[in-house]
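Encoded as structure tokens, the structure appears first; notes follow it.
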Amino acid sequence: MPAAIPPQPLDPTEEALLEAGLALIREKGVRKMTVEEAVRRVGVGRRTLYRLYPTKEAFALACITHGKAAMWRAIDGLAHERGGLGRGEVAALLGRFSFDGGESVLGEVSPEDMAWLAGKLPGRSVLDPAADEAVFAAIASHLRGMREGVDPHVAANMMKVMALAWENRARLHADALAENLALMREQLLDYLFGRG
């Protein structure tokens with residue numbers, strides 16, 4: 001696994017808390033998720049969580065980061081299992097982890113949630129472009145059948161544009177967003193592999 005992909009937490013209690021927090025974010029959103037409900041689901045006290053994460057916001061950001069890392073690990077695992085990722089596997093993964101209805105935890109984080117977290121945790125962000133670019137480069141190294149001349153910065157920017165479109169979805173036409181994202185995914189595939 002590339003070093004850029006954050007390792008899974010080794011402590012089972014911390015892992016369980018992050019999974020419970022992720023489930024709550026998916027069910028209720030970042031701001032409505034409560035520490036009390038997370039610790040109740042895991043069967044530990046609040047003090048256990050607060051020893052790991054000083055605030056609810058720090059816990060929420062850790063849950064989101066954990067969800068993103070799980071997504072990257074799944075992609076990396078599939079690449080190793082299949083001996084690389086071709087256009088079909090990448091298309092399936094883009095659909096699986098899409099913002100609009102996929103398994104990506106970022107699909108559950110609203111622009112208001114991002115702004116709220118940014119206000120509570122200055123200098124820290126749900127979207128970490130440097131880390132995401134390093135992870136993308138590690139995953140791109142597993143692509144098979146990639147056309148010559150692909151600039152990793154262009155591909156990373158295409159993915160960032162999708163993320164920015166989702167993050168700013170309140171400013172876009174809601175009735176067209178799913179089709180816009182599908183078109184952007186197809187353009188990314190065409191850029192990486194040539195026209196399908």
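The values are calculated or read from the model by the stated rules, or taken from the named source; none is laboratory data. It should be emphasised that the depicted structure is a prediction, and the values quoted were computed from it without experimental measurement. Using ideal geometry, Cβ is built from the backbone for each residue, glycine included, and neighbour counts are taken over all protein chains shown. Just the protein is used for accessible areas: all its heavy atoms, side chains included, with ligands, DNA and RNA removed. Shrake-Rupley method; radii C 1.70, N 1.55, O 1.52, S 1.80 Å.
Listing for the model above:
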item: Where a residue in region 159-181 is more than 23 Å from Glu133 (Cβ to Cβ) and of a type outside the set (S, T, N, Q) and its partner, wherever it lies, is open to solvent by less than 60 Å² (accessible area, probe 1.4 Å) and not in a helix (DSSP H, G or I), with Cβ under 7 Å and at least six apart; result: Leu177/Asp100; Ala178/Asp100
item: Considering residues of region 156-169 that are touching a helix residue (DSSP H, G or I) at 6+ places or on another chain (Cβ under 6 Å) and aliphatic (A, V, I, L, M) only, the residue modelled with the lowest pLDDT; result: Ala156
item: Given (1) out of contact with any Pro (no Cβ under 9 Å at 6 or more places or on another chain); (2) open to solvent by less than 40 Å² (accessible area, probe 1.4 Å), index of the condition Ala69 fails; result: (1)
item: Every pair of residues 6+ apart whose Cβ atoms lie under 7 Å, when the first sits in region 48-72 and is more than 15 Å from Lys120 (Cβ to Cβ) and free of Cβ contacts under 8 Å to residues at least 60 places away in the same chain while the second is polar (S, T, N, Q) and open to solvent by 30 Å² or more (accessible area, probe 1.4 Å); result: Thr48/Thr13
item: Number of the exception - Ala38 against (1) more than 30 Å from Gly145 (Cα to Cα); (2) surrounded by fewer than 16 Cβ atoms within 10 Å (Cβ to Cβ); (3) at pLDDT 85 or above; result: (2)
item: Residue check, Gly88 under 30 Å from Ala176 (Cβ atoms), among the small types (Gly, Ala, Ser) and either open to solvent by less than 20 Å² (accessible area, probe 1.4 Å) or modelled with pLDDT of 85 or more (or both); result: yes
item: Any hit, region 188-196, residues being under 20 Å from the mean Cα position of the chain (by Cα), open to solvent by 30 Å² or more (accessible area, probe 1.4 Å) and either within 18 Å of Ser104 (Cα to Cα) or of a type in the set (Gly, Ala, Ser) (or both); result: no
